[in-house]
There are 2 protein chains.
Amino acid sequence: MLSQMEHAMETMMFMFHKFAGDKGYLPKENLRVLMEKQFPGYLENQKDSLAVDKIMKNLDLDQSFFSLIAGLTIACNEYFVVYMKQKRKK
Amino acid sequence: MLSQMEHAMETMMFMFHKFAGDKGYLPKENLRVLMEKQFPGYLENQKDSLAVDKIMKNLDLDQSFFSLIAGLTIACNEYFVVYMKQKRKK
């Protein structure tokens, strides 16, 4: 049986291959579809219509996809930490 | 309702804070406990008894934890891709 962390990593890999298909990497359009399906709030709340293009600039082939997710998780975590600190002060 | 990717990211953050506690970062001993609990096969199969120390060398405070997980996922994914290619050949 997988641990929670192993299960989370498996989900990331599964999603990557689901949207990459046989290509083995995520072209811009596939990344856009992945973002729309898996992070529906992210693109909706983006004021910058070129958000996906800008992400793609820093995203090379398959390996970087997982780094992108790490970056998103870091950003969410920073937000979460600030939120929790503010909550404790109240 | 969270998507599968959002849920996976939430798990990563939850685990980080569970093992980091109030510190807000993962000291070596906490990382060791996390690895033992969440990746039981990893340390068991390590021939290098200093594996955790070597990981720690490249791991600075909280942000890098998520990069470490990204690195582990990339390694697992590479293994998975090779495995699937071999399976298709058979």
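Numerical summary
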{"read-out": "Local electrostatic count, residue A:82, Cβ distance below 12 Å [Lys/Arg +1, Asp/Glu -1]", "value": "+3"}
{"read-out": "At 7 Å out from Cα toward Cβ: residue B:3 inter-copy label distances (nm, ascending)", "value": "2.7"}
{"read-out": "Mean accessible surface per residue for the range B:12-52, computed with a 1.4 Å probe while every protein chain stays in place, in Å²", "value": "59 Å²"}
{"read-out": "Length-normalised contact order for chain B - Cα pairs under 8 Å, 6+ apart - percent", "value": "22 percent"}
{"read-out": "Inter-chain shielding of B:9-19 (mean C-beta neighbours from other protein chains, 10 Å cut-off)", "value": "5"}
{"read-out": "Protection-proxy order for peptides B:20-31, B:75-86, each taking the mean of Cβ atoms within 10 Å per residue, highest first", "value": "B:20-31, B:75-86"}
{"read-out": "Total formal charge among the other residues, if their Cβ is under 13 angstrom from that of residue A:50, Lys/Arg +1 and Asp/Glu -1", "value": "+3"}
{"read-out": "Distant alpha-carbon pairs in the protein assembly as shown (separation over 27 angstrom), percent", "value": "32 percent"}
{"read-out": "Accessible area buried at the A-B interface, both sides summed, 1.4 Å probe (Å², nearest 100)", "value": "2900 Å²"}
{"read-out": "Chain A: equivalent-ellipsoid semi-axes (sqrt of 5 x gyration tensor eigenvalues, Cα, Å)", "value": "26, 19, 11"}
{"read-out": "Shortest-first distances to equivalent copies, position residue B:23, nm, label 7 Å out along Cβ", "value": "4.1"}
{"read-out": "Links that overshoot a 18 Å alpha carbon limit, given the list A:18/B:85; A:90/B:18; A:28/B:87; B:47/B:87; A:23/B:85", "value": "A:90/B:18; A:28/B:87; B:47/B:87"}
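The values are calculated or read from the model by the stated rules, or taken from the named source; none is laboratory data. Bear in mind the structure is a predicted one, so any value in this text is a computation, not a measurement. Heads up, the Cβs are rebuilt from the backbone with ideal geometry, glycines too, and the neighbour counts pull from every protein chain shown. Heavy atoms of the whole protein, side chains included, go into the accessibility calculation; ligands, DNA and RNA do not. Shrake-Rupley method; radii C 1.70, N 1.55, O 1.52, S 1.80 Å.
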